[in-house]
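FYI, it's all coordinate maths here, none of it is from the lab. The model shown is predicted, which means the values in this text are computed figures rather than measured ones. Please note: Cβ atoms are built from the backbone with ideal geometry, for glycine as well, and neighbour counts cover all protein chains shown.
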């Protein structure tokens with residue numbers, strides 16, 4: 001009993017760098033294989049057209065998303081600076097309270113030692129008490145100096161907080177304005193973008209993973225984000241280098257995946273663009 005031969009699917013070969021390479025087809029290319037290649041090329045072309053429309057939407061937003069992110073980062077930095085300054089003020093105030101307690105304690109000890117002067121029995125005890133009193137007075141002076149320094153630091157931090165809060169208020173206003181502007185643009189383009197993303201998913205589903213990886217890599221490596229272009233006036237629609245006549249015939253036949261030898265973009269027949277225009 002003869003077994004039914006399973007037909008292998010046509011897979012676009014991609015090199016190790018995951019960029020497009022020409023698909024060498026057998027001379028005895030079956031009709032089904034030719035259709036598969038043409039469908040893949042058409043899916044790539046239509047995917048490129050959709051991505052170009054999405055790119056225009058992002059271009060409309062311009063640098064706004066990055067500006068919003070930069071201002072958000074700056075606002076967070078200013079808030080952190082204020083929080084750190086307030087934390088340091090709290091620490092200095094605690095230090096001042098500790099110093100005041102030390103002063104009170106030293107003053108109480110001085111009173112105690114002065115009261116003992118009347119009960120000393122010899123010069124040694126007198127000198128010892130005098131030294132203790134001098135030590136406590138020195139401790140008071142040291143604490144008073146630390147209090148002055150802490151108060152100076154507190155005043156500096158308060159001035160810093162006031163200045164930073166003013167800066168924060170201005171940047172917050174800028175952020176609110178930029179967010180509002182961005183939200184307006186996003187709202188205006190959201191419906192179109194959503195529809196385009198749905199269309200994109202449909203065409204992405206028609207492509208194998210390696211072809212899609214190659215497509216994205218070529219797109220990301222070009223300034224105009226074009227990975228699939230048509231041949232216009234006998235030249236590549238991406239880099240504008242001339243395409244040999246024989247290669248143009250192969251491109252028009254849509255039975256091979258042909259890549260521009262100059263820029264690496266995949267080339268498709270201008271018939272694709274004409275048909276897309278007719279469908280519109």
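In Å, the Kirkwood hydrodynamic radius of the chain over pairs of distinct alpha carbons?
On the way: mean 1/r = 0.0377 Å⁻¹.
One decimal place: 26.6 Å for the Kirkwood radius.
For Cα pairs less than 8 Å apart in space and 6+ apart in sequence, what is the mean separation divided by the residue count of the chain, i.e. the relative contact order in percent? Display every interim value, and only then the final one.
On the way: 259 pairs, mean separation 88.6, N = 280.
The normalised contact order for the chain reaches 32 percent.
Taking the Cα of residue 134, stepping 7 Å toward and past its beta carbon, and measuring to each backbone N in the stretch 97-111: which are under 19 Å?
Output list for this probe position: 106-107, 109-111.
Taking the chain as the reference, fit the longest principal axis to its C-alpha atoms, fit the long axis of helix 31-61 to the helix C-alpha atoms, and give the angle between the two in degrees, 0 to 90, nearest 10.
Long axis of 31-61 versus the principal axis of the chain: about 40 degrees.
Taking the convex hull of the alpha carbon atoms in the stretch 65-189, what volume per residue do you get, in Å³? Mind dumping the intermediate values first?
Numbers: hull volume 10.1 nm³, N = 125.
Convex hull volume per residue, Cα atoms: 81 Å³.
As a check on your grasp of the helix formula, calculate [θ] at 222 nm for the chain: sum -39500 (n - 2.57) over DSSP H runs of n ≥ 4, divide by the residue count, round to the nearest 500. Provide the component values of the computation, followed by the final result.
On the way: 6 runs with 197 residues, N = 280.
Rounded to the nearest 500, the figure is -25500 deg cm²/dmol.
For helix 209-220, report the angle its Cα long axis makes with the longest principal axis of the Cα atoms of the chain; keep it between 0 and 90° and round to the nearest 10°.
That works out to roughly 70 degrees.
Determine the gain in length on full extension of the stretch residue 100-residue 76; use 0.36 nm per residue of separation and subtract their C-alpha separation, reporting nm with one decimal. Before the final figure, lay out the partial values.
Numbers: separation 24, 0.36 × 24 = 8.64 nm, distance 3.62 nm.
Stretched fully, the residue 100-residue 76 segment lengthens by 5.0 nm.
Points 7 angstrom from Cα along the Cβ direction at residue 209 and residue 183: gap in nanometres?
Output for this residue pair reads 4.0 nm.
Would you please calculate the Kirkwood hydrodynamic radius of the stretch 52-122 over all C-alpha pairs and express it in Å, rounded to one decimal?
Numbers: mean 1/r = 0.0551 Å⁻¹.
About 18.1 Å for the stretch 52-122.
Mind checking the angle between helix 64-116 and the chain's longest principal axis? C-alpha axes, 0 to 90 degrees, to the nearest 10.
10 degrees
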